[in-house]
Amino acid sequence: MEKQFSGGKILWLVTGDITRVPADAIVNAANAALRGGGGVDGAIHRAGGPVIMQELDQIRAAQGGCPTGSAVVTSAGALPARFVFHAAGPIYRGGGQGEAALLASCYSTCLRLAEERDLRVVSFPSISTGAYGYPLEEAAAIAVDTVCRHIERDQTRVREVIFVLFDQGTHDAYARALQRLQPAVE
Ligand code: ADP
């Protein structure tokens, strides 16, 4: 499924493994400690190789971890990308701990990092909806809404955002969120 924006900009929803999809920046659903983990984080480190963790070691030495809702940048090793943006998503604790704003901030921070580097194509996994337990429908709405608001702006240089969703259920939740944003289309 896709949504087109003015100037040829486009948002894609695809099912698959984010480590296999070429992009300028691949976003990782990391953790605040930046020490790697399971899920998509593990897959990115396995596919990208040790250089990513070596760079995270340096970032950790310089600034500690990564605040929840923010992101840090490394190179992408063997991944089909120039950069990995490691976003620290919120752990879901019932929804009253600012989780929605923190999740939106992960997406907007990564898009800002892409603009700063003049990147055209950014891929995202479904941040926080695995081990971090964020309810899928709510997380999908936040993700899709935040990304659409960004790429519909005239001044954005990001041309393409790809949500790479690992399983059909996650893909379908994002598709519903996108349809809710554009009820008159498709
Ligand atoms: P979090 O801790 O932020 O919840 P997880 O990695 O546990 O992160 O899960 C986030 C999402 O990433 C889940 O939908 C999970 O199925 C998905 N995922 C796991 N591996 C991959 C992968 N290789 N490519 C894309 N998505 C993945």
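Computed quantities for the displayed model
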read-out	value
Cα-centred dipole magnitude for region 1-91, charges only on beta-carbon of K, R (+1) and D, E (-1), debye, nearest 20	60 debye
Per residue, in Å², the accessible surface of the chain once ligands and nucleic acids are set aside, probe 1.4 Å	44 Å²
Student exercise, region 121-186 dipole from Lys, Arg, Asp, Glu Cβ charges, in Debye to nearest 20	220 debye
In degrees, nearest ten, helix 136-151 long axis to first principal axis of the chain (Cα)	80 degrees
Nearest-ten-degree value, helix 39-48 long axis tilted from longest Cα axis of the chain	60 degrees
FRET efficiency, 1/(1 + (r/R0)^6) with R0 35 Å, evaluated for GLN97 and GLU152 via beta carbons	0.75
With eigenvalues of the C-alpha gyration tensor scaled by 5 and rooted, region 49-186, Å	25, 19, 14
Using alpha-carbon coordinates, inclination of helix 51-63 to the longest axis of the chain, degrees	80 degrees
In region 100-134, trypsin sites (Lys or Arg not before Pro) in a DSSP loop with at most 16 other beta-carbon atoms within 10 Å	ARG117, ARG120
Carbon and sulfur %, accessible surface of the chain computed with the full protein complex present, 1.4 Å	52 percent
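The values are calculated or read from the model by the stated rules, or taken from the named source; none is laboratory data. Being a predicted model, the structure only gives us computed values, none of them experimental. When we count neighbours, we look across all protein chains shown, and the Cβ atoms used for this are built from the backbone with ideal geometry, even at glycine. Note: accessible area is taken over every heavy atom of the protein model, side chains too, but ligands, DNA and RNA are not part of it. Shrake-Rupley method; radii C 1.70, N 1.55, O 1.52, S 1.80 Å.
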